[in-house]
1. In this structure, is N218 surrounded by fewer than 15 Cβ atoms within 10 Å (Cβ to Cβ) and not in a helix (DSSP H, G or I)?
2. Condition check: more than 16 Å from the ligand (Cβ to nearest atom) and touching a Ser or Thr at 6+ places or on another chain (Cβ under 9 Å). Does E65 satisfy that?
3. Would it be correct to say that E140 is in a strand (DSSP E or B), within 18 Å of the chain's Cα centre (by Cα) and of a type in the set (D, E, K, R)?
4. Among the residues of the stretch 28-62, what is the count of those that are surrounded by fewer than 17 Cβ atoms within 10 Å (Cβ to Cβ), under 19 Å from E84 (Cα atoms) and in contact (Cβ under 8 Å) with a residue 24 or more places away in the chain?
5. Would you confirm, using the coordinates I've provided, whether R78 is within 9 Å of the ligand (Cβ to nearest atom), under 20 Å from R144 (Cα atoms) and in contact with a helix residue (DSSP H, G or I) (Cβ under 7 Å, 6 or more places away or on another chain)?
6. Take E155 and decide whether it is touching a Gly at 6+ places or on another chain (Cβ under 6 Å), in contact (Cβ under 8 Å) with a residue 24 or more places away in the chain and near the ligand (Cβ under 10 Å from one of its atoms).
7. Being among the hydroxyl-bearing types (S, T, Y), more than 16 Å from the ligand (Cβ to nearest atom) and either part of a strand (DSSP E or B) or out of contact with any Gly (no Cβ under 7 Å at 6 or more places or on another chain) (or both) narrows it down to one of Y126, Y117, so name that one.
8. Can you find even one residue in the stretch 226-248 that is exposed (fewer than 13 other Cβ atoms within 10 Å of the Cβ), within 24 Å of R32 (Cα to Cα) and either of a type in the set (F, W, Y) or not assigned by TED's automatic domain parsing to the domain that holds S110 (or both)?
Amino acid sequence: MELYAWREKLAPYELAVEELVIKFRRMMTDYRAASRYSPIEEVTGRVKTISSILDKANRKRVELEEIEERIDDIAGIRIICQFEEDIMTVVGIIRQMRDLTVVSERDYISRPKESGYRSYHVNVLYDVQTIYGCRRIKAEIQIRTLAMNFWAVIEHSLQYKYNGDIPKTVRDRLTASAQAVQRLDNEMSSIREEVMDSQNKFRKDAVNVADILNNLQNLYHIADQDAMLNIQREFYDIYKSGDKEKLREFGRRLDELAADKKAQKLA
Ligand code: 0O2
C-alpha cells in the first residue's frame, strides 16, 4: 500500500465515525429533551492515526494488505456513562440498532485486563455510502464510566511515555488506583437513584423555564402589551423566589393562555 492511498482508505472510516457520533449524541439530547435520564453522558470518536495503525499492525504482525481485515478499531467510538449500570443499558441500545451489526463483545468490566483496564467493547459493522458505493466499516465502540475513562486516559498516556514498559513502581500505583476507581464506581452506584432523581428534576425545571420563555416570546406579538408586561413581571418574581412548584403552575397557566390566544388568532 503506497502512502498516498491512506487518505482514500481512511475516508469511509471518518464518515462512519462522524455518523455514529451524531447518532449517539442525538440519543443523549433526545433523552434530555424528554426530561428523561440519559444513560449516555458523553460521546467522542476518532479514526486511528496512521502511525498508531502501523504500530498496532507491527505489534500484531499484520501485513499492510490485511490491516482493514484484521484491525478492528480503525474507527473508534467512545461512550461515557455516569454509572456502571448505564453501561449495559447502552450495550442493549447498540444491540437493538438496525443500522449496525454487532460482531463481538468484550467485557473488561466483569473481567478487567491485567493492567487494571475496565471498559465494555462492542465491535460492529456499519455501512456508509460513498461515491464509490456502499462500504461496510468495522468500528469499535468502547463504553465506560467517567471514572473508568479517567483511569484509562492516564494509563494510556503513561504507556506512551514509557513506550509500553511502565516501571513497576508506577504500575503498582496504577493497580491501586484502578481498585480505587472500582470502589468509586460502586459508591456512586449506591446513590444512583438519588442522583438520577435530582438530575431529572433539574432538567424538568430547565425545560419548564425554556417553555415559559418560548411562550412569552410568542405571546409578545399577539397579546395586549400591558397584560404581557404584568405576566413577565410575575414570571421574574416567581423565578427569583426559587419556588419550583409555583414556576410549574405558572408554566401551565401560560400554556393555556398561549393556546387561547392562538385559537383566537386562528378564529
Ligand atoms: P488506542 O491508541 O487507544 O487506539 P488485543 O487485546 O490487543 O489482542 P485489541 O485489538 O487491542 O486486542 O482489542 P481490545 O483489547 O479491544 O483493545 C482495543 C483498545 O482498547 C485499545 O486500542 C485501547 O484503546 C483500549 N485498551 C485495551 N487495553 C487497554 C489498557 O490496558 N489500557 C488502556 N488505557 N486502554 C486499553 P489501542 O490500539 O491499544 O490503543
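1. So N218 fails the test.
2. no
3. For E140, the condition - in a strand (DSSP E or B), within 18 Å of the chain's Cα centre (by Cα) and of a type in the set (D, E, K, R) - is met.
4. Number of matching residues: 4.
5. Taking the combined requirement at face value, the residue does not satisfy it.
6. So E155 fails the test.
7. Result of the check over Y126, Y117: Y126.
8. Yes, the stretch 226-248 contains a residue that is exposed (fewer than 13 other Cβ atoms within 10 Å of the Cβ), within 24 Å of R32 (Cα to Cα) and either of a type in the set (F, W, Y) or not assigned by TED's automatic domain parsing to the domain that holds S110 (or both).
The values are calculated or read from the model by the stated rules, or taken from the named source; none is laboratory data. Computed from a prediction, not measured in an experiment: that's the story for all the values here. Glycine gets a Cβ as well: all are built from the backbone with ideal geometry, and neighbour counts include every protein chain shown.
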